[in-house]
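Peer 1: My questions will all concern the structure given below.
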Amino acid sequence: MTFEFKNILRMFAVVALLAGGMTSVAHAEDDDDDEHIATVSNAKWKTECGSCHVAFPPRLLPASSWKTMMSGLDKHFGTDASLDAATSREIGNFLQKHAGSGKRATSEKPNLRITETRWFIREHDEVPNATWKNTQVKSAANCAACHLQAEKGDYSERNIRIPK
């Protein structure tokens, strides 16, 4: 190979690597390599949802699920998480605008639990039951117990620490 051709190949490889990093944000329900999920933000979503748990990235559920969830905040997994109408509307619009586009049929009941999505189950199938019962974890929905950068939307394996 000529020197110039080798340099062109190297540049192509660098561009391909960079492009791969930028396209890693896809709907979690559909993609196997989704580690960096949160790419969008909203101050009220971060404050309100993040006051009790990780503000789950909108792409983790389809719009129908977020719409259903936001319409039932008075019974949010056993807690009254009601918001004033303007805040609820802003957060609901944000979640639906940036929601995932899963392959779910429209007639199917919206899934409100991220932990029941195909993506979550596939990504956590090797986690022993004892881990979920650990007092530091308590629930599969407690992402931040193991994912050290969950607050930033980074669920990559290099930032995991399983509590003992």
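Every read-out reported here was derived from the displayed coordinates using simple, explicitly stated rules and does not represent laboratory data. Keep in mind the model is a prediction, meaning the values are calculated, not measured.
Peer 1: Could you name the lysines whose alpha carbon sits less than 20 Å from that of Lys67, not counting residues in the same chain fewer than 8 places away?
Peer 2: Qualifying lysines at Cα under 20 Å: Lys44, Lys46, Lys75, Lys97, Lys103, Lys109.
Peer 1: Can you pull the Rg over Rh of the range 79-164, Cα-only, Kirkwood?
Peer 2: On the way: Rg = 15.6 Å, Rh = 15.4 Å.
With Rg and the Kirkwood Rh in hand, the quotient comes to 1.01.
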